[in-house]
Amino acid sequence: MSLVTDRADLISPVRLDPVGVEPSMAGAGDYFELMKPRVMSLVVFTALVGLVVAPGHLHPVLGFTALLCIAVGAGAAGALNMWYDADIDAVMARTARRPVPAGRVKPREALAFGVTLAGFSVGVLGLMVSWLAAALLAFTIFFYAVVYTMWLKRSTPQNIVIGGAAGAFPPMIGWAAATGGIGIESILLFLIVFFWTPPHFWALSLYKTEEYAKAGVPMLPVVAGAAETRRQILIYALVLAPIGASPWLLGYAGWLYGVMSIASGALMVALALRLKRRPAERAAKQLFAFSIVYLFILFAVLLIEHGLNLPVKGGVA
Amino acid sequence: MSLTMTEPPTQPGIVLTEEQKRRRRGRSIAIALALGAFVVLIYVVTIVKLGPGVLNRPL
């Protein structure tokens, strides 16, 4: 066939590209699912706290714009993750119904969606709010989609330890959006999420070990065994508890935060200790569930203290 | 003479099923809403950032 085609060829692209022209079966909801809305909600919440507790004033409309960009950026990272990990997701029962492995969204659609959202979220955040925040958001998307998804996840049991940084950046991005800088307080918020991630995900992987093994993902329980995973969960919980209380210890948060962070940190350690001493799926599930509550408590109390203007060691929240 | 002229008549193209049409319509509406929201956002942020000065800027 000549390259100079007649009109019939133009309206019948299936002859030129027999693989790629199947009509899409994706609904709008499938694209929303690509953005991992549950992860996005946690990202928005931690970013909101970073933005609100930061010193200085940001117009509410600009604050909303910053949060929207951070949410969309997180959604972009989620879509890129689902594009690249479709082979893994198809094997695991927990993820097999996701839009790409289920065949509702084509991989290239997910890729295009992720890249487009990433470009828009970073561009708008930079132009409208802060280029530092935009740079941090761009780095976060890159870190999650490339460093974690494409590299670490399939190559090392430390995948979620290092990759956890991607989930820890949002409060720092919120802070940067409000102040145009990076303060010690925002680094503490980063560290809290960073050290929270390993015990959170390893508790989940303890009762999903077979699925991860089937998918060939070198999660810690698959590679080093359940006993070593429980030991490392306890170590990380022991490190996390004082870091969780550090905003109060260093004078950036009030007594309410101090009480709540110490109490919930102690409970986190107690659950990790119980899991180590008496290995059971129920204990792992309880630790996983409480870890979510723990993070929510810390950030919610920071928000409440700021809203109520409660006093801290060095002034007011 | 083009080789295509000797080929049998071409297919009528891709004919979408009702379900595919319904989903395409859903996607189109979602894109329209997202674009509309984006325009409103840019408008509001521009007003907030520039304030009255939005009408008083050098060309």
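Key figures for this structure:
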{"quantity": "From the options A:Leu62, A:Leu51, A:Leu80, residue that is within 14 Å of chain B (Cβ to nearest Cβ) and part of a helix (DSSP H, G or I)", "calculated": "A:Leu62"}
{"quantity": "Any hit, segment A:117-138, residues being under 30 Å from A:Thr229 (Cα atoms) and either within 14 Å of chain B (Cβ to nearest Cβ) or in a helix (DSSP H, G or I) (or both)", "calculated": "no"}
{"quantity": "Residue in segment A:223-233 that is outside the structural domain of A:Ser155 (by TED's automatic domain parsing), modelled with pLDDT of 90 or more, surrounded by fewer than 19 Cβ atoms within 10 Å (Cβ to Cβ) and more than 30 Å from A:Tyr84 (Cα to Cα) present", "calculated": "yes"}
{"quantity": "Meets criteria (closer than 24 Å to A:Glu185 by Cα and among the aromatic types (Phe, Trp, Tyr)) for A:Phe32", "calculated": "no"}
{"quantity": "Selection within segment A:259-311 - of a type in the set (S, T, N, Q) and farther than 22 Å from A:Arg230 by Cα", "calculated": "A:Ser261, A:Asn309"}
{"quantity": "Residue list for segment A:179-202, restricted to those being among the aliphatic types (A, V, I, L, M) and at pLDDT below 95", "calculated": "A:Ile182, A:Ile184"}
{"quantity": "Search result, residues across segment A:136-189 that are under 17 Å from the mean Cα position of the chain (by Cα) and small (Gly, Ala, Ser)", "calculated": "A:Ala138, A:Ala145, A:Gly163, A:Gly164, A:Ala165, A:Ala166, A:Gly167, A:Ala168, A:Gly174, A:Ser186"}
{"quantity": "Residue count for segment A:248-302, restricted to those that are in contact with an Asp or Glu (Cβ under 7 Å, 6 or more places away or on another chain) and among the β-branched types (Val, Ile, Thr)", "calculated": "0"}
{"quantity": "A:Val43 being modelled with pLDDT of 90 or more, surrounded by 12 or more Cβ atoms within 10 Å (Cβ to Cβ), closer than 14 Å to A:Gly73 by Cα and away from chain B (no Cβ under 12 Å)", "calculated": "yes"}
{"quantity": "Residue list for segment A:149-165, restricted to those being under 14 Å from A:Val193 (Cβ atoms) and not aliphatic (A, V, I, L, M)", "calculated": "A:Gly163, A:Gly164"}
{"quantity": "Positions within segment A:25-40 being within 10 Å of chain B (Cβ to nearest Cβ) and surrounded by fewer than 16 Cβ atoms within 10 Å (Cβ to Cβ), in sequence order", "calculated": "A:Gly29, A:Phe32"}
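For (1) out of contact with any Pro (no Cβ under 8 Å at 6 or more places or on another chain); (2) of a type in the set (Phe, Trp, Tyr); (3) surrounded by 19 or more Cβ atoms within 10 Å (Cβ to Cβ), each residue gets a yes or a no:
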position	(1), (2), (3)
A:Leu125	yes, no, yes
A:Ser130	yes, no, yes
A:Ala134	yes, no, yes
A:Phe139	yes, yes, no
A:Phe142	yes, yes, no
A:Gln158	yes, no, no
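The values are calculated or read from the model by the stated rules, or taken from the named source; none is laboratory data. What you see is a predicted model, and the numbers here were worked out from it, not measured in a lab. Cβ sites come from the backbone with ideal geometry, for glycine too, and all protein chains shown count toward neighbours.
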